[in-house]
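Below you'll find the structure, written out as structure tokens, and then a few comments.
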Amino acid sequence: MYSVVRRLLLTLSRSARAQSFVLHFPPARRVARRFVAGETLEDALEVIARLNAQGMAATLDHLGENVTTPEEAEEAAQAYVDALEAIHARGLDSGVSVKLTHLGLDLGEDVAYENLRRIVAKAAEVERFVRIDMESSAYTDITLALYRRLRREFDNVGTVVQAYLYRTPQDVAQLIEEGIANLRLVKGAYDEPPSIAIQQRERIREAFFALLRQMWAPEARARGSFAAIGSHDEAIIQYAIALARRLDLSPREYEFQFLYGIRRDRAETLVRDGYRMRIYVPFGSQWYPYFMRRLAERPANLLFFLRALVGG
Ligand SMILES: Cc1cc2nc3c(=O)[nH]c(=O)nc-3n(C[C@H](O)[C@H](O)[C@H](O)COP(=O)(O)OP(=O)(O)OC[C@H]3O[C@@H](n4cnc5c(N)ncnc54)[C@H](O)[C@@H]3O)c2cc1C
């Protein structure tokens, strides 16, 4: 049942008609506010300032994906440049997270690269970090290729790997070998076929554990690998803490990352216990696909959403 609902929501996340319905439906906007910091940069900066005051860092995501014109892609890049300037001007502890399809990847590799390069160069200037999110498997190769290209010039950039893909341990091994394994580890949020992705939750979790062991093996650490643990799963959090202790890693040598609005109490207790926590803060008017992926992750969110719709 869960996997049927999940697949349906992920299919709807790509539907223009469903998008137009949900975007214009006030109760949906209210529910989305639980996961999205707001529609404007100012909203997001206020949220980040509050998180910083609670001892948490942030990574800012200007929502948007799969743009269809070069102008839209350039606008997205400019919005990130403006955001980085504002983060710097206010002295906020935040980097940014970007999606390559938001920067024009569907229009050509060079379009996305030039836009991404502009953002990373600005981030380098203001000493902030850029994380390239990982999208669906159609983009894995190109995302890793553009990441490698950027790393020749910059070191304030990292990317993401998804534990559910069978290819990931191989990708991680290569990135470690090249000395550029600055990675956020996640389970993976897209609807991928069984031929390339693990489907069972328990096995995805085990694959995540294995990635942590790989990233924290002595050779990997010697080559400067850095893991950001992008998961709210308590079993993964506990596993990471226990493994780090066993390997004598200090809590400064890795970080946890949560999505805005999810498990806020747990984020606070981790900070209280001395762990580094970074919150992924999305903002903007293009919140629909992001919001649908969050609903797909947890049936309880869907119930909450439906109740809000019924309740008006
Ligand atoms: C910082 C960050 C960045 C990410 N970046 C990417 C990316 O670039 N590419 C990508 O494919 N995926 C990304 N993801 C999403 C990720 O792949 C998973 O889909 C998502 O994190 C849910 O998996 P989980 O590990 O939290 O475990 P789950 O088993 O899904 O969740 C564990 C527990 O966390 C809570 N929880 C989890 N999700 C929700 C939710 N939506 N609403 C309410 N409670 C919830 C629940 O208590 C749940 O029982 C990112 C996730 C995080 C945290």
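The values are calculated or read from the model by the stated rules, or taken from the named source; none is laboratory data. Everything numeric here is computed off the predicted structure, so don't read it as measured data. Note that each Cβ is placed from the backbone with ideal geometry, even for glycine, and that neighbours are counted across all protein chains shown. SASA here: full protein model, heavy atoms, side chains in, ligands and nucleic acids out. Shrake-Rupley method; radii C 1.70, N 1.55, O 1.52, S 1.80 Å.
Over what distance in Å are the Cα centres of segment 232-272 and segment 93-134 separated? Spelled out, the Cα-based centre of one part sits 26 Å from the other. For the chain, the dipole from Cβ point charges (+1 on Lys and Arg, -1 on Asp and Glu) about the Cα centre works out to 1260 debye, to the nearest 20.
3J(HN,Hα) couplings calculated from phi for segment 256-262 with the Karplus curve 6.51 cos²θ - 1.76 cosθ + 1.60 (θ = phi - 60°) are, in sequence order, 8, 10, 10, 7, 3, x, 10 Hz; Gly and Pro show x. Stretching the chain fully between Gln174 and Arg33 yields a gain of 46.9 nm (0.36 nm per residue, less the alpha carbon separation).
Computed per residue of the chain from DSSP H runs no shorter than four, each worth -39500 (n - 2.57), the mean residue ellipticity at 222 nm is -16000 deg cm²/dmol. Between the residues Gly104, Ala121, Met134, the greatest Cα displacement towards the positive end of the dipole of segment 88-141, with unit charges on the Cβ of Lys, Arg, Asp and Glu, is found for Ala121.
For Glu46 and Thr68, the difference between the fully extended length at 0.36 nm per residue and the C-alpha to C-alpha distance is 4.9 nm. Beyond 19 Å, what percent of the Cα pairs of segment 234-297 remain? The calculated P(r) of segment 234-297 puts 42 percent of pairs beyond 19 Å.
The charge dipole of segment 193-312, taken about the Cα centre with unit charges on the Cβ atoms of Lys, Arg (+1) and Asp, Glu (-1), comes to about 100 debye, rounded to the nearest 20. For segment 141-192, the convex hull drawn through the C-alpha positions has a volume of 75 cubic angstrom per residue. Of the whole protein surface, His62 contributes about 40 Å² of accessible area at a 1.4 Å probe radius.
Work out, in µm²/s and without decimals, the Stokes-Einstein translational diffusion coefficient of segment 61-145 at 20 °C, 1.002 mPa s, Rh from Kirkwood over C-alpha pairs. Answer, rounded: 168 µm²/s.
Considering every Cα-Cα pair within the chain, what fraction, in whole percent, is farther apart than 27 Å?
On the way: 19834 of 48516 pairs.
For the chain, the fraction of Cα-Cα distances above 27 Å is 41 percent.
Compared with the alpha-carbon gap, the fully stretched path from Asp106 to Phe304 is longer by 67.9 nm at 0.36 nm per residue. Per residue, segment 186-263 exposes 47 Å² of solvent-accessible protein surface, assessed with a 1.4 angstrom probe and all protein chains in place. Protein heavy-atom surface of segment 37-284, 1.4 angstrom probe: 48% of the accessible area is carbon and sulfur, with nucleic acids and ligands not counted.
Tell me the relative contact order for the chain as a rounded percent, counting alpha carbon contacts under 8 Å between residues six or more apart. Don't skip to the answer; put the middle values down first.
On the way: 491 pairs, mean separation 78.4, N = 312.
Over the chain, the number comes to 25 percent.
Taking every C-alpha pair closer than 8 Å and separated by at least 6 residues, the mean separation divided by the residue count of segment 43-123 gives a relative contact order of 37 percent.
List the trypsin sites (Lys or Arg not before Pro) within segment 18-119 that fall in a DSSP loop (any state other than H, G, I, E or B) and whose Cβ has at most 13 other Cβ atoms within 10 Å. Hits after loop and neighbour filter: Arg90.
What number, in percent, do you get for the relative contact order of segment 47-178 if the mean sequence gap of Cα pairs under 8 Å and at least 6 apart is divided by its residue count? Kindly include the intermediate steps, with their values, before the conclusion.
Working: 180 pairs, mean separation 28.5, N = 132.
For segment 47-178, the relative contact order is 22 percent.
Given a Förster distance of 22 Å, report the FRET efficiency between Asp248 and Ala210 from their Cβ-Cβ distance, rounded to the nearest 0.05. Intermediate results must be reported in sequence, preceding the final value.
Values: r = 20 Å, r/R0 = 0.91.
So the FRET efficiency works out to roughly 0.65.
Annotation note: GluC sites (Glu not before Pro) in segment 42-150 located in DSSP loop regions with a Cβ neighbour count of at most 14 within 10 Å are Glu127.
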